[in-house]
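Structure first, commentary second.
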Amino acid sequence: RQDLFNMSLVHRKWTPEVRRVLQRRVVISGPDELVSFLRSVHCGPHVRELILHVTKEFEDNQLFSSCASLFAGLFTYCPNIQSLSVKFSGGTKRVVSVESTDAYRIMVSRSVVIVKQVLGHIATHLPQLKQLWLIAGSFYVPGHCWAEVCNTVAKLTSLQYLCVAGTWGNTFAVTHTIENLSCISPPSSLKTVEFRSTFTLFENIQSQILTW
């Protein structure tokens, strides 16, 4: 890496190509770094590995409404990501769900909305993704989000490895959601699925569902 960096200092024409090699792996923590990265020369199709920390700052009033466009921009400008790790560390702010009606208001965590946005854009913009880590840090992801995970994975036709870790789902609500797996076909490329949940999610799930 040092030799490549030195090469970039020798001649300006070499700089862009060397930068692409050096910036294949990117770590982004929080919205400020994400915005800076999107505006930088480091953002582009040369990125192959990404570690994205989705922090509670994304829930702030000034940022929450633009989260979807930020994630869409990230995965659109970096469509060749092959290894992606997303760590969710949400807060407690809540918002009215899109499923609400005039008679019934459904309040959900803003973090849940953000999780679904991230998963949706991964499924749409990262066709070459081979490895995916979904990590719930200081944020508890409710069981119904498993439907989004399953739908996302089913669309990643190059995915080989999936790891779900942290506080995902719960033992009394997740089984019904997981049953939806029987209606979704996983990608034939998927070889390994690893669960590192802090809850005993899978004790009562039928074996045919887990063999999805």
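For Tyr140, Tyr161, Tyr77, write out the residues from largest to smallest accessible area, computed with a 1.4 angstrom probe and no ligands counted.
Working: Tyr140 90, Tyr161 40, Tyr77 125 Å².
Descending accessible area places them as Tyr77, Tyr140, Tyr161.
For Gln128, neighbours were defined as the other residues whose beta-carbon sits under 15 Å from its Cβ, and their charges (Lys and Arg +1, Asp and Glu -1) total +3.
Quick one: which of Lys56/Lys155; Lys130/Lys155; Lys87/Lys191 span more than 20 angstrom between C-alpha atoms? Pairs exceeding 20 Å: Lys56/Lys155; Lys87/Lys191.
Each Lys or Arg adds one and each Asp or Glu takes one away; over the other residues whose Cβ falls under 13 Å from the Cβ of Pro187, this sums to +3. Ligands, DNA and RNA excluded, the heavy atoms of Trp168 present near 0 Å² of accessible surface to a 1.4 Å solvent probe. The heavy atoms of Cys183 offer some 120 square angstrom of accessible surface to a 1.4 angstrom probe. A probe of 1.4 angstrom, applied to the heavy atoms of all protein chains, finds Phe139 with accessible area near 10 square angstrom.
Accessible-area rank, largest first, for Glu59, Glu33, Glu194: Glu33, Glu194, Glu59, with all protein chains present and a 1.4 angstrom probe.
Each residue, Cys163 and Asp60, gets one label point 7 Å from its Cα in the Cβ direction; the gap between the two is 3.0 nm.
The label point for His42 and the one for Val27, both projected 7 Å from the Cα toward the Cβ, are 1.1 nm apart. Using the Cβ-Cβ distance between His144 and Ser69 with R0 set to 22 Å, the FRET efficiency from 1/(1 + (r/R0)^6) comes to roughly 0.35.
The values are calculated or read from the model by the stated rules, or taken from the named source; none is laboratory data. In this text the structure is predicted, and so the values were computed from the model without any measurement. Cβ atoms come from the backbone with ideal geometry, glycine included; neighbour counts cover every protein chain shown. Remember, those area values only see protein heavy atoms, side chains included, never the ligands or the DNA or RNA. Shrake-Rupley method; radii C 1.70, N 1.55, O 1.52, S 1.80 Å.
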